[in-house]
Amino acid sequence: MAKLYAESLSQTLGCTVCVTDTDQIVAASGSGKKDLQDQFIGRDFEYALKERSQILASAGDSSYIKVTADMKDYKNEAVCPIICEGDVIGSVVLLNKDEKKKFGEVEQRVAYSAADFLGRQMG
(Lines give C-alpha, C1' and ligand atoms only; values in the text may rest on other atoms or scores of the structure.)
Protein backbone atom coordinates (compact mmCIF):
# COMPACT_ATOMS: atom_id res chain seq x y z
CA MET A 1 0.00 0.00 0.00
CA ALA A 2 2.83 2.42 0.82
CA LYS A 3 4.28 2.00 -2.67
CA LEU A 4 0.98 2.81 -4.41
CA TYR A 5 0.46 5.81 -2.14
CA ALA A 6 3.99 7.09 -2.84
CA GLU A 7 3.48 6.71 -6.60
CA SER A 8 0.19 8.56 -6.49
CA LEU A 9 1.62 11.46 -4.47
CA SER A 10 4.71 11.65 -6.67
CA GLN A 11 2.65 11.92 -9.85
CA THR A 12 0.31 14.49 -8.32
CA LEU A 13 3.01 16.74 -6.82
CA GLY A 14 5.81 16.17 -9.34
CA CYS A 15 8.40 15.40 -6.68
CA THR A 16 10.12 12.39 -5.16
CA VAL A 17 8.09 10.71 -2.41
CA CYS A 18 9.45 8.21 0.11
CA VAL A 19 7.79 6.21 2.83
CA THR A 20 10.09 4.94 5.57
CA ASP A 21 9.79 2.65 8.51
CA THR A 22 12.07 3.29 11.48
CA ASP A 23 15.07 1.71 9.70
CA GLN A 24 14.90 2.22 5.95
CA ILE A 25 13.02 3.55 2.95
CA VAL A 26 10.31 1.00 2.19
CA ALA A 27 8.75 2.77 -0.81
CA ALA A 28 10.06 5.45 -3.16
CA SER A 29 8.59 7.03 -6.26
CA GLY A 30 9.66 9.79 -8.63
CA SER A 31 13.05 10.81 -9.95
CA GLY A 32 15.85 9.24 -7.97
CA LYS A 33 13.74 6.44 -6.57
CA LYS A 34 16.33 3.83 -7.55
CA ASP A 35 18.96 5.63 -5.44
CA LEU A 36 16.65 5.78 -2.41
CA GLN A 37 14.61 2.54 -2.44
CA ASP A 38 15.65 0.16 0.39
CA GLN A 39 18.38 2.52 1.67
CA PHE A 40 18.82 2.75 5.43
CA ILE A 41 17.88 6.05 7.02
CA GLY A 42 20.60 8.18 8.61
CA ARG A 43 21.17 8.44 12.34
CA ASP A 44 20.13 12.12 12.48
CA PHE A 45 16.95 11.35 10.55
CA GLU A 46 16.18 8.44 12.85
CA TYR A 47 16.58 10.74 15.86
CA ALA A 48 14.25 13.35 14.29
CA LEU A 49 11.63 10.63 13.80
CA LYS A 50 11.86 9.55 17.43
CA GLU A 51 11.34 13.18 18.42
CA ARG A 52 8.23 13.26 16.16
CA SER A 53 9.70 16.20 14.25
CA GLN A 54 7.84 17.61 11.26
CA ILE A 55 10.41 19.14 8.92
CA LEU A 56 9.96 21.67 6.14
CA ALA A 57 13.41 22.79 5.03
CA SER A 58 15.74 23.63 2.17
CA ALA A 59 19.29 22.34 1.78
CA GLY A 60 21.54 24.58 3.82
CA ASP A 61 18.91 25.28 6.50
CA SER A 62 19.83 24.18 10.02
CA SER A 63 16.65 22.07 10.16
CA TYR A 64 17.44 20.17 6.90
CA ILE A 65 18.28 16.53 7.64
CA LYS A 66 19.35 14.07 4.96
CA VAL A 67 17.10 11.02 4.91
CA THR A 68 20.03 8.72 4.11
CA ALA A 69 23.67 9.36 4.94
CA ASP A 70 24.70 9.58 1.27
CA MET A 71 21.62 11.39 -0.12
CA LYS A 72 22.51 14.23 -2.47
CA ASP A 73 21.01 16.63 -5.01
CA TYR A 74 17.78 17.32 -3.14
CA LYS A 75 17.08 20.99 -2.42
CA ASN A 76 13.85 20.80 -0.40
CA GLU A 77 12.20 18.35 1.96
CA ALA A 78 8.92 17.97 3.80
CA VAL A 79 8.87 15.23 6.43
CA CYS A 80 6.09 14.02 8.69
CA PRO A 81 6.26 11.02 11.05
CA ILE A 82 3.72 8.22 10.72
CA ILE A 83 2.15 7.59 14.12
CA CYS A 84 0.19 4.42 14.79
CA GLU A 85 -1.44 3.77 18.16
CA GLY A 86 0.83 6.36 19.77
CA ASP A 87 4.12 5.04 18.36
CA VAL A 88 6.22 6.39 15.51
CA ILE A 89 6.40 3.64 12.89
CA GLY A 90 7.96 5.59 10.00
CA SER A 91 7.60 8.75 7.94
CA VAL A 92 6.39 10.29 4.72
CA VAL A 93 9.11 12.30 2.96
CA LEU A 94 8.66 14.65 0.00
CA LEU A 95 11.89 15.62 -1.79
CA ASN A 96 12.57 18.11 -4.57
CA LYS A 97 15.67 18.71 -6.71
CA ASP A 98 14.45 22.00 -8.22
CA GLU A 99 15.85 25.06 -6.40
CA LYS A 100 13.24 27.30 -8.03
CA LYS A 101 10.29 25.29 -6.66
CA LYS A 102 10.52 25.70 -2.91
CA PHE A 103 8.31 23.57 -0.68
CA GLY A 104 5.76 25.36 1.48
CA GLU A 105 2.65 24.85 3.53
CA VAL A 106 0.91 22.81 0.81
CA GLU A 107 3.65 20.17 0.69
CA GLN A 108 3.84 20.04 4.48
CA ARG A 109 0.08 19.50 4.73
CA VAL A 110 0.21 16.79 2.05
CA ALA A 111 2.99 14.99 3.96
CA TYR A 112 0.96 15.30 7.18
CA SER A 113 -2.22 14.00 5.54
CA ALA A 114 -0.39 11.06 3.97
CA ALA A 115 1.30 10.17 7.28
CA ASP A 116 -2.00 10.45 9.13
CA PHE A 117 -3.74 8.21 6.58
CA LEU A 118 -1.00 5.57 6.67
CA GLY A 119 -0.90 5.62 10.47
CA ARG A 120 -4.65 4.93 10.65
CA GLN A 121 -4.40 2.16 8.05
CA MET A 122 -1.69 0.35 10.03
CA GLY A 123 -3.67 0.41 13.29
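The values are calculated or read from the model by the stated rules, or taken from the named source; none is laboratory data. Only a predicted model underlies this, so the values are computations on that prediction, with no experimental measurement involved. A quick note on method: Cβ atoms are made from the backbone with ideal geometry, for glycine too, and the neighbour counts reach across all protein chains shown. In case anyone asks, the SASA skips ligands and DNA or RNA and just uses the protein heavy atoms, side chains included. Shrake-Rupley method; radii C 1.70, N 1.55, O 1.52, S 1.80 Å.
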Next item on the list: Assign unit charges at the C-beta atoms only (+1 for Lys and Arg, -1 for Asp and Glu), then state the dipole size of region 38-123 relative to its Cα centre in Debye, rounded to the nearest 20.
Entry: 200 debye
Notebook entry, point to check: Can you list the GluC sites (Glu not before Pro) in region 89-123 that are in a DSSP coil and have 11 or fewer other beta carbons within 10 angstrom?
Noted result: E99
Notebook entry, point to check: Per residue, how much accessible area does region 11-123 have with a 1.4 Å probe, in Å²?
Noted result: 56 Å²
Next item on the list: Rounded to the nearest 500, what is the 222 nm mean residue ellipticity of the chain from helices alone, with -39500 (n - 2.57) per DSSP H run of 4+ residues and division by all residues?
Entry: -10000 deg cm²/dmol
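Pull out the extension gain between E99 and D21, defined as 0.36 nm times the separation in residues minus the alpha carbon to alpha carbon distance; nm, one decimal.
Numbers: separation 78, 0.36 × 78 = 28.08 nm, distance 2.76 nm.
Full-extension gain reported as 25.3 nm.
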Checklist line | Relative contact order of region 59-123, defined on C-alpha pairs under 8 angstrom at six or more residues apart (%) | finding: 34 percent
Next item on the list: Could you sort 116-122, 13-19 so that the peptide with the highest average Cβ count within 10 Å comes first and the rest follow in order?
Entry: 13-19, 116-122
Margin query: Ignoring solvent entirely, what values of log10 I(q)/I(0) come out of the Debye formula for the chain at 0.18, 0.22 Å⁻¹ when each Cα is a single scatterer?
Written below: -0.84, -1.36
Notebook entry, point to check: Relative contact order of region 1-103: what whole-number percent is it, with Cα pairs under 8 angstrom and at least 6 residues apart?
Noted result: 25 percent
Next item on the list: Determine the share of the chain's accessible area contributed by carbon and sulfur atoms, expressed in whole percent, with a 1.4 angstrom probe.
Entry: 46 percent
Next item on the list: Please list 25-35, 74-84, 42-52 highest first by mean number of surrounding beta-carbon atoms within 10 Å per residue.
Entry: 74-84, 25-35, 42-52
